1. Can you say whether A:Ser156 is exposed (fewer than 15 other Cβ atoms within 10 Å of the Cβ) and hydroxyl-bearing (Ser, Thr, Tyr), as far as the supplied structure shows?
2. Which strands (runs of 3 or more DSSP E) does region A:103-188 wholly contain that include 1 or more residues that are touching a Leu at 6+ places or on another chain (Cβ under 7 Å) and closer than 30 Å to B:Gln166 by Cβ?
3. Report the residue count in region B:91-127 for those that are outside any loop (DSSP other than H, G, I, E, B) and more than 18 Å from the chain's Cα centre (by Cα).
4. Can you tell me which of A:Thr100, A:Thr44 is of a type in the set (S, T, N, Q), surrounded by fewer than 18 Cβ atoms within 10 Å (Cβ to Cβ) and at pLDDT 95 or above?
5. Exactly one of these conditions fails for B:Ser43: (1) within 27 Å of the chain's Cα centre (by Cα); (2) within 14 Å of chain A (Cβ to nearest Cβ); (3) not aromatic (Phe, Trp, Tyr). Give me its number.
6. Do you know which residues across region B:155-184 are outside any loop (DSSP other than H, G, I, E, B) and farther than 18 Å from B:Arg71 by Cα?
7. So for region B:99-107 (the condition being on the phi > 0 side of the Ramachandran plot and assigned by TED's automatic domain parsing to the domain that holds B:Gly73), does at least one residue qualify?
8. Taking into account only those residues within region B:136-154 that are among the hydrophobic types (A, V, I, L, M, F, W, C) and in a strand (DSSP E or B), which is farthest from B:Arg71 (Cα to Cα)?
Amino acid sequence: MSGAFAKLGALVLAAMLLAGMQRYTPGYAEITGPIPLRGEFGETLAGRGFTVRADKVLLARKLRFKAYGREVERDTGGVFALVIARLEAQPASITIGSATWRSAQGARFVASARFQGAPRLLGADRLEPGLPQRGVFIFEVPREAVDGATLLVAASRWPRLDTQVEIALPVKPDAPALVIDLSELAYE
Amino acid sequence: MSEAAISPGAIRMRRISLWMLPLALALGLFLQSHENAWEWWRSRELFARQVPAGTAASLGGAEWKLVGLRRVGERSDGRAVMLLDMEAVVRDPEAFAVLPCRLVLEASDGRRWSPQFLTPSEVNRLPERRGQTIPTCTQALASKPQAGAMLRISEGFVLPGGMNGQVRPVLSLPTGRPHYLRFEVPG
């Protein structure tokens, strides 16, 4: 009798184990997804192909810059978030294809495409070893996406088995600057 | 419940089956992944061949020779502008025409710089380059030359100042991998 109970118990245990595996086994996309590298604001983080350090976050309602010989001003219904950072290729030349602003609610905002030609825009030029670039990532986000945001930086938009740097940004949505001139921004 | 008597033949078969299991698993793994393994093997730079200064070496359907690597200028922020000149004599046009070409400068600590676009003013200041259009490595491969053709190839690089003399050209081609060439710079 006890033998029958033992067999039944083993069967139930196996069924539970299989159900658990089916429920919790990560999918292919998750297994081959980005490899997060989390770090502090102001800390230099070394990923597989580049290093990054975020130094400053600024908010503005309007941005002004000079591109292709003329003055340009952009405004927004939300807020412009500027992250001043330092990037360097390591160990080989690389292009940073993705900078994303992730809100505390999980919404993702890619770097704005409205600033082509602006000075010192990060991600526009290829990075070289030994030649660090200091510049700015610009995001256009709703005000409610500011508090508790995280900066994500990776070599491609959807990194697969590759580094994705994640830096929690110390920024509050109160009192964004009315206008910031990108040409006069202190990058150093 | 009593155990039935197991014949010695059956025990032997069980042992053989047990020993065959790892072989079957290995075979299954090979059949499933050999294409990926081959792809990995053909995409990696695993074996460097050192090419002494002034000599040519065969790779990817051509004989390759380093003609020169020189510093041709300096940008306002101190970065050095370098120009690399190579010569290729095509032996196997089909193998030669497979893109892309990886021609980089490598430092002894493993750092690698890919070619960059140089402004015409940076290149045209060299008297022998004025009015000339010399193809890059990828352009040369894409031109699909005939066997026996001799091609001049040039690439520009931007490096940190002071790296002059500390870097060596490295050439890797799809049909040559996992082998690649590391050229010794003359002088």
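1. yes
2. Of the strands (runs of 3 or more DSSP E) lying wholly inside region A:103-188, those with at least 1 residues that are touching a Leu at 6+ places or on another chain (Cβ under 7 Å) and closer than 30 Å to B:Gln166 by Cβ span A:133-141, A:163-168.
3. Going through region B:91-127 one residue at a time, the tally reaches 6.
4. That would be A:Thr44, the only listed residue that is of a type in the set (S, T, N, Q), surrounded by fewer than 18 Cβ atoms within 10 Å (Cβ to Cβ) and at pLDDT 95 or above.
5. Result: B:Ser43 fails condition (2) only.
6. Of everything in region B:155-184, those that are outside any loop (DSSP other than H, G, I, E, B) and farther than 18 Å from B:Arg71 by Cα turn out to be B:Leu171, B:Ser172, B:His179, B:Tyr180, B:Leu181, B:Arg182.
7. No, the conditions are met nowhere in region B:99-107.
8. B:Met150
The values are calculated or read from the model by the stated rules, or taken from the named source; none is laboratory data. Nothing here was measured: the structure is a model prediction, and the numbers come from that model. Heads up, the Cβs are rebuilt from the backbone with ideal geometry, glycines too, and the neighbour counts pull from every protein chain shown.
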